[in-house]
Amino acid sequence: MAEQWQDVLDHAVAVAQKAGKVVREALQSDRKVSTKSSSIDLVTQTDQKVEQLIIQSVKETFPAHRFIGEESVAAGEPCDLTDEPTWIIDPIDGTTNFFPLAFLLIMGVVYSCLEDKMFVARRGKGAFCNGKQLRVSDQKDIHCSIVATEFGSNRDGGAVEKIFSSLRKVVCLPVHGVRGAGSAAINLCLVASGCVEAYYEIGVHVWDVAAGALMVTEAGGVLMDVEGGALDMMSRRILAANNRHIAEQIVGQIQAFTPQRDDAPPQQQ
Ligand SMILES: O=P([O-])([O-])O[C@@H]1[C@H](O)[C@H](O)[C@@H](O)[C@H](O)[C@H]1O
Ligand SMILES: [Mg+2]
Ligand SMILES: [Mg+2]
């Protein structure tokens, strides 16, 4: 069993490197950008090409594996997370910034292709960046903490109000600073690396956070819902932190709302 999963992880890393090459090459050429759920929810031909490249490559080696892919779901494929080995793929996370990467279930891979940083986590075996083990920050004081977040792609007035109001309250805790890498996956890797103490966002999708979430727990951090309960991967809400104390202080500032779940039946979408 262990060898089987090692094969899968090796494949994930190899295909992430291949995908990174495609993204780097695309940066040199014209980008054809289309929109999805709204005018700021973007998709490029490279997102679609990279997702197909990953799926084809995995199918050839592991024909029984299943997929949840951002662009496949956008094209009408179901978003079903079962007990079957499932690859959860975000071909490029942070399309607006033309950033990196790819994912799985009991392991996570995030490739920051412009920096050539390969983040890898395996349940129970730690999280690593280019082979170096990651550890979350040991900061216990919220006033000395840096918090990452994003505005996401929801421009509904009520949601935007709550996002701003939460951010104002977090800033005024006060925290030391606020950051946003423009990629949910990279923000989670920043928590895992100890570069920021926490990251929260409402509106992310399972493919944005599946790999990075494992990176955080394997680096010693915690995950929860933005209202403090257990993290629900399909709920589109996430709070990650270096420890529970920091996480709970952020929970107290967030004005939560409930986006449509990733696994909502198609007729409701
Ligand atoms: O669409 P995409 O570029 O893959 O992913 C988005 C990025 O992670 C962004 O940082 C986050 O704010 C959004 O919520 C995500 O949907
Ligand atoms: Mg994404
Ligand atoms: Mg994407």
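The values are calculated or read from the model by the stated rules, or taken from the named source; none is laboratory data. Remember, predicted model here, so these are calculated numbers, not experimental data. FYI the Cβ positions are ideal-geometry reconstructions off the backbone, even for glycines, and counts take in every protein chain you see.
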Selection status of CYS189, under 16 Å from SER112 (Cα atoms), modelled with pLDDT of 95 or more and assigned to a loop (DSSP other than H, G, I, E, B): no
Positions within region 209-249 being small (Gly, Ala, Ser), over 20 Å from ASP141 (Cβ atoms) and under 16 Å from the mean Cα position of the chain (by Cα), in sequence order: ALA210, ALA211, GLY212, ALA213, SER235
Which condition number does VAL204 fail, the rest of (1) out of contact with any Lys or Arg (no Cβ under 7 Å at 6 or more places or on another chain); (2) within 12 Å of ligand 1 (Cβ to nearest atom) being met? (1)
For region 113-130, does any single residue satisfy the condition of being touching a residue at least 24 places away in the same chain (Cβ under 8 Å), farther than 24 Å from ALA12 by Cα, touching a strand residue (DSSP E or B) at 6+ places or on another chain (Cβ under 8 Å) and not in a strand (DSSP E or B)? no
Within region 80-117, how many residues are crowded, with 20+ Cβ neighbours inside 10 Å, hydrophobic (A, V, I, L, M, F, W, C) and modelled with pLDDT of 70 or more? 8
Contact list, first residue from region 132-157 and within 17 Å of TYR200 (Cα to Cα) and among the hydroxyl-bearing types (Ser, Thr, Tyr), second anywhere and within 16 Å of ligand 1 (Cβ to nearest atom) and not in a loop (DSSP other than H, G, I, E, B), beta-carbon distance below 6 Å, six or more apart or interchain, is THR149/TYR200; THR149/GLU201
Checking the structure you have, find out if any residue of region 198-217 is more than 15 Å from ligand 2 (Cβ to nearest atom), modelled with pLDDT of 95 or more and among the acidic types (Asp, Glu). no
Pick from region 171-203, criterion β-branched (Val, Ile, Thr) and surrounded by fewer than 24 Cβ atoms within 10 Å (Cβ to Cβ), ranking: farthest from ARG236 (Cα to Cα): VAL175
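It is to be established whether one or more residues within region 247-266 are under 23 Å from CYS129 (Cβ atoms) and either surrounded by fewer than 24 Cβ atoms within 10 Å (Cβ to Cβ) or touching a Cys at 6+ places or on another chain (Cβ under 8 Å) (or both). Full working, then the answer.
Filtering region 247-266 for residues under 23 Å from CYS129 (Cβ atoms) gives 247.
Next cut, either surrounded by fewer than 24 Cβ atoms within 10 Å (Cβ to Cβ) or touching a Cys at 6+ places or on another chain (Cβ under 8 Å) (or both) only: 247.
Yes, there is a match, as at least one residue in region 247-266 is under 23 Å from CYS129 (Cβ atoms) and either surrounded by fewer than 24 Cβ atoms within 10 Å (Cβ to Cβ) or touching a Cys at 6+ places or on another chain (Cβ under 8 Å) (or both).
Could you count how many residues in region 19-34 are modelled with pLDDT of 80 or more and exposed (fewer than 15 other Cβ atoms within 10 Å of the Cβ)?
Residues of region 19-34 modelled with pLDDT of 80 or more: 19-26.
Right, trim to exposed (fewer than 15 other Cβ atoms within 10 Å of the Cβ) and you get 21, 24-25.
Qualifying residue count for the region: 3.
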